[in-house]
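The block underneath contains the structure these notes are about, expressed in structure tokens.
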Amino acid sequence: MPPKYRRLSSEEREEISRGLATGMSLAEIALGLGRATSSVSREVGQPRWKPEYRATVASVGAARRASARRKGKTKLFGNERLRKYVEAKLLLRWSPAQVAKAVREEYPDDEDMRISHETIYDHVYVLPRGALRKELISALRREHKYRRKASRATGTPAETRGKIAGMLSIEERPKGVEGRIVPGHWEGDLVVGRGNRSAVGTLVERTTRYAILVPLKAKDAVSVRKAYAREMRKLPKELAKTLTYDQGSEMSGHKKFTIDTGIKVYFAHPSSPWERGTNENTNGLVRQFFPKGTDFAGVAPREIKRVQRLLNGRPRMTLGWKKPEQAFNKLVALNS
């Protein structure tokens, strides 16, 4: 008897999305997943994904269709204690996967407190129309959009802005950074507000995924340099070694930043977001709290720091379901 077909998981859809972003073929992606190439081809080749495939949207759509097949019945409708737990965590902007893992760890001996992340998606999308459904859906993570892909004709990123004077290329960055073994290497960027007039800075440590959100009075090079330096000088030197950034003009004062902090800045290639993948993911998480169109000039620094605490207080699958604050504070204790 042939093996029973197993639907693609959210994690597999994330791998497909990353593979497509880096130019892998469908056959290469399928091989990495242990799937048939036809399964991957069907997933990404449907008209609704033209022109770009988005893993989060695909997962939500799959959950919604599965819910319809079950006529709207989910486990949470019969378990009020579990339902309240799940909905409370979702409103804190935890992902369904984080909620599913956390409830198992908090209630290790209670079989009634068990749920999968797919079931959580099901629950949200079969709720009756109303304020709660709208609020929970708005809390679900949305995958950020990458900047323009590499040129198909040449296979190299299209240059869209001028070079920054005296910049160090990511190719010159110490080789050990890539492996995420040694802590203290950061990635940075801006999350830009309404009309491109305001922004908040994002810095994330590659090993622990610990994020620092930087309130900015303006997004010019001097303001960004001073604000970033102020935040980074608070860290132990062993945890502040390098910063990888895109070629945004706000980091044109990188030499003075290095003098002020001792942190070398390396610049990613144009239109290559995967070279700063940790930061790109962090920016997507920030957008859960500050969606496009937010005017950061009207957001108080204490609110920005509140969001920072929420991000660092969520368990992360990539950390073995530990929280970034736990991983980072452990390193701080070792280096203080």
Lysine pairs in segment 161-292 with Cα distance under 18 Å, only those 8 or more apart or on different chains: how many are there?
25
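With a Förster radius of 56 Å, plug the Cβ-Cβ distance of S25 and R114 into 1/(1 + (r/R0)^6) and report the FRET value to the nearest 0.05. Please report the intermediate quantities before stating the final value.
Details: r = 38 Å, r/R0 = 0.68.
Rounded to the nearest 0.05, the efficiency is 0.90.
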Taking the Cα centre of segment 227-318 as origin, work out the dipole magnitude from +1 charges on Lys and Arg Cβ and -1 charges on Asp and Glu Cβ, in debye rounded to 20.
400 debye
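Between the DSSP loop rule and a limit of at most 16 other Cβ atoms within 10 Å, which chymotrypsin sites (Phe, Trp or Tyr not before Pro) in segment 162-259 are left? Before the final figure, lay out each step's value.
Values: sites: W186, Y210, Y228, Y245, F257; in loops: Y210.
Here no chymotrypsin sites (Phe, Trp or Tyr not before Pro) fit, given the DSSP loop and packing criteria.
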Order of 215-223, 108-116 by packing, highest average Cβ count within 10 Å first?
215-223, 108-116
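What is the sum of charges around R209, taking Lys and Arg as +1, Asp and Glu as -1, for the other residues whose C-beta is under 12 Å from the C-beta of R209? Show your work: numbers first, answer last.
Values: positive: R180, R206, R314, R316, K322, K323; negative: E187, E205, E325.
Net charge in that neighbourhood comes out at +3.
Each reported figure results from applying straightforward, stated rules to the coordinates on display, with no laboratory input. Note that the coordinates shown come from a computational prediction; the quantities given were computed from them, not determined experimentally. Note that each Cβ is placed from the backbone with ideal geometry, even for glycine, and that neighbours are counted across all protein chains shown.
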